[in-house]
Amino acid sequence: MREKRTSHPGMVRLQPDQAEEKISFLAQVAIFQHFSAQDLNAIEQSLTSLPCSPGRMLYRPGDVNNTLFFVKSGRIQLYHLSTDGRKLITDTLEAGACFGEQALCSPNIATSFAEAVNATTLYLLNKVDLNHLLQQHSGVAGALLQLMGQRLTGLENQLVNTTFKSVTARLADLLLQLATEQEREVNGLAVNGFSHEELADRLGVYRETVSTALRELKDAHAIQLGRKHIVIHQPDLLAQLAQTNSKSGLHRREH
């Protein structure tokens, strides 16, 4: 994999005429929702803006990170890479999300990759201003701890599923999760816009493995396959298959 820069050239201090827009954004971020207008104005003055092109790397494992990031627009992926090049996406973050909470830790070393999926705009809060904010507002620390707890719980669930469930069962669970984020089709739920490789990245497996698992779910009459379009005709059946605690596929059951 080609090494990407993890410094933040291109950061710009926010202009006065942008203040109202930034304060409106901050008011929608979970950790700031109970702040007064005066407090939000003070935070806005500490923010810098960073436009990112697709593929921009914010940090990678081993990097020192002194920044808390907020996603204004676009999408950020947090992921790991294996030595053989497999990608495991642990989180996909959209507008309103924050990441880089390792800036709170000591040492503040990143353990994953953080990369812009598409054209993305971030707001950045450096560690000095973040520490000042934590001293002034204890509620922010609680909100960030809750965020870290949720992310840790997600990673724990991912580890348990990887250890005890087959790829087919994990894929069934993933399709149900993705379907709930998209609109309902006339004949069932649908997952749109994901290639086999992108689904494989979500599970940390090879594309060929996902293709095989999709055929198994299709043969079980749970889904119908199209080009980047998967219709879930039987959500209850797919949910049942997602709970199969077997590493040997659909046809084996524990006794």
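Data table
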| read-out | value |
| --- | --- |
| Probe 1.4 Å, accessible area per residue of region 20-138, Å² | 45 Å² |
| Percent accessible area from carbon and sulfur atoms, the chain, protein chains only, probe 1.4 Å | 49 percent |
| Distance from region 45-84 to region 122-143 (C-alpha centre basis), Å | 18 Å |
| All-pairs Cα distance distribution in region 56-99, expressed in whole percent, bin size 10 Å | 24, 53, 22, 1 |
| Label-point gap, in nm, between Ala239 and Glu181 - each point 7 angstrom along Cα→Cβ | 2.0 nm |
| Shape call, region 151-214: gyration tensor on alpha carbons, a/c limit 1.5 | oblate |
| Loop-exposed GluC sites (Glu not before Pro) per DSSP, neighbour cap 15 Cβ within 10 angstrom, longest uninterrupted part of the chain | 4-93 |
| Gained length - Gln135 relative to Thr83, 0.36 nm times residue gap less alpha-carbon distance | 14.6 nm |
| Over the chain: helical MRE at 222 nm, DSSP H runs n ≥ 4 each giving -39500 (n - 2.57), nearest 500 | -12000 deg cm²/dmol |
| Expected-Rg normalisation [2.2 N^0.38 Å, Cα atoms] applied to region 104-186 | 1.52 |
| Angle in degrees between helix 167-180 and the longest Cα principal axis of the chain, rounded to the nearest 10 | 60 degrees |
| For region 41-160, the fraction of alpha-carbon pairs in successive 5 Å shells from zero, as % | 2, 11, 19, 25, 22, 14, 5, 2, 1, 0 |
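The values are calculated or read from the model by the stated rules, or taken from the named source; none is laboratory data. Since the model is a prediction, treat every value here as computed from it, not as a measurement. Ideal geometry is used to build each Cβ from the backbone, glycine not excepted, and the neighbour counts take in all protein chains shown. Note: areas computed on protein heavy atoms with side chains; ligands, DNA, RNA excluded. Shrake-Rupley method; radii C 1.70, N 1.55, O 1.52, S 1.80 Å.
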